[in-house]
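J.: Pasting a structure here, questions to come.
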Amino acid sequence: MFENAAAQPIDQIIAISRAYAADKRYDKVDLGIGVYKDSGGETPIMRAVKRAEERLVAEQRTKTYVGVGGDPRFVELMAQAVLPGRQMGQDFAGVQAVGGSGAVRLLAETALRLNPDARFWLPDPTWPNHGAILGAIGAGIERYPWPRFTAAIDIDAILASLDAASPGDCVIVHAGCHNPSGIDPDLAGLRALAEGLVARGLMPFVDAAYIGFGKGWEEDAARVAAIADIAPEMLLALSCSKNFSIYRERTGVALLVGRAGKGLNATMSLLLAIARASYSMPPDHGANVVRTILEDEALRREWLDELADTRDRINRNRAGLALALARARQDIDWTYIDKGYGMFALLDVTEESARRLREEVGVYIIPDGRMNVAAINLDHVDEIAARLVAAL
């Protein structure tokens, strides 16, 4: 059997991570893998997370399974933190998922089961794993345009491209801190996009991996709520990896947002069946940590303060990099980096240029030009900018 296998291409983000790890140069710069790094190059564990874990070690009495849907209290708390005022079982239903990626997979499979003819429309560009996940379940994939090197977003042009979609198709929408461009519409633009989707009979499929990394937890959550207020139904994937800095715990939520009278409970049973067939039961630790933080007012305040510190540093990095690039190369408008949100921004390079960056000057970015701005050390930003523009 094994001799019939054909080697599959390695995910470009994983490939860059491996190449960086194998590089022996002391001055190499990792702007590839999408994790937050502090000024010392570490991905810290939040103090609130540590305190929650200490409490769990002291108080937890069992390691039995948590059930197919995971911890329902965790699901409810996360959903209400993003969609305040809505009630579980009435306005939404959902399951604990294996990270944000797992949430996308569960929701995509559910949508495809309900509508086998549905196509999934992805922004171009988007996170590479969107296409990989949808391809793995045999879904039809289409693209709609998204800005790369400008902060200007033409919602009318996006909706015009979606005129080719059929009612019942799903449209992937980044809730904020777009990966990989960092370019988001303002709230009015997001509402216009949601209204356009509903008018065309399209299902918003919202991927919310970076709530709290944009303008603040409440402000970023309001973007998700704005879509939910307009769309009668919505698929929502939530991730806790970045905003709680618990990447390896693989903690997420797959939510169905709609009215119970419109088949919400029946769809929930399908979501549970797909989860059961996929991995049986989700892991507990990360969800238990998040639930502990959200249920304790002191821990919640501490976590929000730490999240604000993380966000502020990312914003300083964006501004600092934009200025440094402007000093290094004045014939390009770099303001799109400063005006963007979240961890990522794009550099206008070819795959060959990205290769030369790695091999010649030791700066690792994704071949499509994605840079993890959160990984920049501002003490060396002018040197990093000089190396980046050398490949243009």
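J.: Of Tyr364, Leu236, Pro123, which is farthest towards the positive pole of the chain's charge dipole, taken about the Cα centre with +1 and -1 on the beta-carbons of Lys, Arg and Asp, Glu respectively?
T.: Leu236
J.: Modelling each spin label as a point 7 Å along the Cα-to-Cβ direction, I'd like the Ala58/Asp312 distance in nm, to one decimal.
T.: 2.9
J.: To make sure I understand the rule: partners must be lysines, Cα under 21 Å from the Cα of Lys37, and not fewer than 8 residues away in the same chain. Which ones qualify?
T.: Partners found: Lys24, Lys28, Lys50, Lys215, Lys242, Lys339.
J.: Which of Gly189, Gly252, Gly34 moves the most in a Gaussian network model of the chain with Cα springs under 10 Å?
T.: The residue that fluctuates most here is Gly189.
J.: Evaluate the charge dipole of the stretch 49-297 about its Cα centre and quote only its size in Debye, nearest 20, assuming +1 on the Cβ of each Lys and Arg and -1 on the Cβ of each Asp and Glu.
T.: Taking the Cα centre of the stretch 49-297 as origin, the dipole is about 680 debye.
J.: Run the dipole for the stretch 221-329 about the Cα centre, Lys and Arg Cβ at +1, Asp and Glu Cβ at -1, nothing else charged, and hand back the magnitude in debye, nearest 20.
T.: Charge dipole of the stretch 221-329: 620 debye, to the nearest 20.
J.: Quick one: what are the phi-derived ³J(HN,Hα) couplings along the stretch 35-44, Karplus 6.51/-1.76/1.60 with θ = phi - 60°, whole Hz, x for glycine and proline?
T.: For the stretch 35-44, the Karplus curve yields 10, 6, 10, 7, 5, x, x, 9, 9, x Hz.
J.: Taking the Cα centre of the stretch 57-100 as origin, work out the dipole magnitude from +1 charges on Lys and Arg Cβ and -1 charges on Asp and Glu Cβ, in debye rounded to 20.
T.: Using Cβ point charges on Lys, Arg, Asp and Glu, the stretch 57-100 gives about 120 debye.
J.: Can you work out D for the stretch 49-297 in µm² s⁻¹ from Stokes-Einstein, where Rh is the Kirkwood radius over C-alpha pairs, the temperature is 37 °C and the viscosity is 0.692 mPa s?
T.: For these conditions, the coefficient is 180 µm²/s.
J.: What is the sum of charges around Leu346, taking Lys and Arg as +1, Asp and Glu as -1, for the other residues whose C-beta is under 9 Å from the C-beta of Leu346?
T.: Overall, the nearby charge balance is 0.
J.: Apply the Karplus parameterisation 6.51 cos²θ - 1.76 cosθ + 1.60, with θ equal to phi minus 60°, to every residue of the stretch 172-186 and state each ³J(HN,Hα) to the nearest whole Hz, in sequence, with x for glycine and proline.
T.: Whole-Hz 3J(HN,Hα) from phi for the stretch 172-186: 6, 10, 6, 5, x, 6, 3, 10, x, 7, x, 9, 10, x, 6.
J.: Right, something else. Taking the dipole about the Cα centre of the stretch 49-297, with the C-beta of Lys and Arg at +1 and of Asp and Glu at -1, give me whichever of Ser280, Gly138, His174 is farthest to the positive side.
T.: Looking along the dipole axis, the top candidate is Ser280.
J.: Can you give the FRET efficiency for Asp305 and Tyr279, using 1/(1 + (r/R0)^6), R0 = 45 Å, r = Cβ-Cβ distance, to the nearest 0.05?
T.: 0.85
J.: Taking H as built 1.01 Å from N, whose amide H comes closer than 5 Å to the amide H of Val171, not counting residues under 5 places away?
T.: For Val171, the qualifying residues are Trp121, Met203, Phe205.
J.: If I take R0 = 30 Å and measure r between the Cβ atoms of Asp38 and Asp156 in this structure, what FRET efficiency does the formula 1/(1 + (r/R0)^6) give, to the nearest 0.05?
T.: The formula returns an efficiency of 0.15 here.
J.: Please state the shape class of the stretch 262-392: rounded when a/c is under 1.5, otherwise prolate if a/b exceeds b/c and oblate if not, all from the C-alpha gyration tensor.
T.: prolate
J.: Based on the mean of other beta carbon atoms within 10 Å per residue, what is the order of 59-70, 354-365, most packed first?
T.: Listed from highest to lowest mean packing, they are 354-365, 59-70.
J.: Highest mean first, how do 294-302, 233-241, 18-26 rank when packing is the count of other Cβ atoms within 10 Å averaged over residues?
T.: The packing order, highest mean first, is 233-241, 294-302, 18-26.
J.: Could you rank the peptides 79-87, 334-342 by their average count of other C-beta atoms within 10 Å per residue, with the highest value first?
T.: Taking the mean over residues of other Cβ atoms within 10 Å, the ranking is 334-342, 79-87.
J.: When the Karplus curve 6.51 cos²θ - 1.76 cosθ + 1.60 is applied with θ = phi - 60°, which whole-Hz ³J(HN,Hα) does each residue of the stretch 242-251 get, with x for Gly and Pro?
T.: Per-residue couplings from phi come out as 7, 6, 10, 6, 10, 3, 6, 7, 6, 10 Hz.
J.: If I stretch the segment between Asp331 and Ile137 completely, what's the gain in nm (0.36 nm per residue apart, minus their alpha carbon distance), one decimal?
T.: 65.4 nm
J.: Among bridges DSSP assigns within the chain, what percent are antiparallel (round to 5)?
T.: The antiparallel fraction comes to roughly 45 percent.
J.: Projected onto the charge dipole of the chain (+1 at Lys/Arg Cβ, -1 at Asp/Glu Cβ, origin at the Cα centre), which of Ala322, Met78, Ser353 gives the Cα projection farthest towards the positive end?
T.: Positive-end residue among those listed: Met78.
J.: Could you please rank Ser39, Ser278, placing first whichever residue has the fewest other Cβ atoms within 10 Å of its Cβ?
T.: In increasing order of surrounding Cβ atoms, one gets Ser39, Ser278.
J.: In the stretch 236-250, which residues have a backbone nitrogen under 20 Å from the label point lying 7 Å from Asn115's Cα in the Cα-to-Cβ direction?
T.: Backbone N within reach: 236-238.
J.: Quote to one decimal, in nm, the extra length available between Phe2 and Ala260 on full extension: 0.36 nm per residue of separation minus the C-alpha distance between them.
T.: Separation in residues times 0.36 nm, less the Cα-Cα distance, equals 88.2 nm.
Taken together, the values in this text are just the output of simple stated rules run on the coordinates, not laboratory data. The structure presented is a predicted model; accordingly, all values stated were derived computationally and were not measured. Methodologically, a virtual Cβ is constructed for each residue, glycine included, from the backbone with ideal geometry; neighbour enumeration extends over all protein chains shown.
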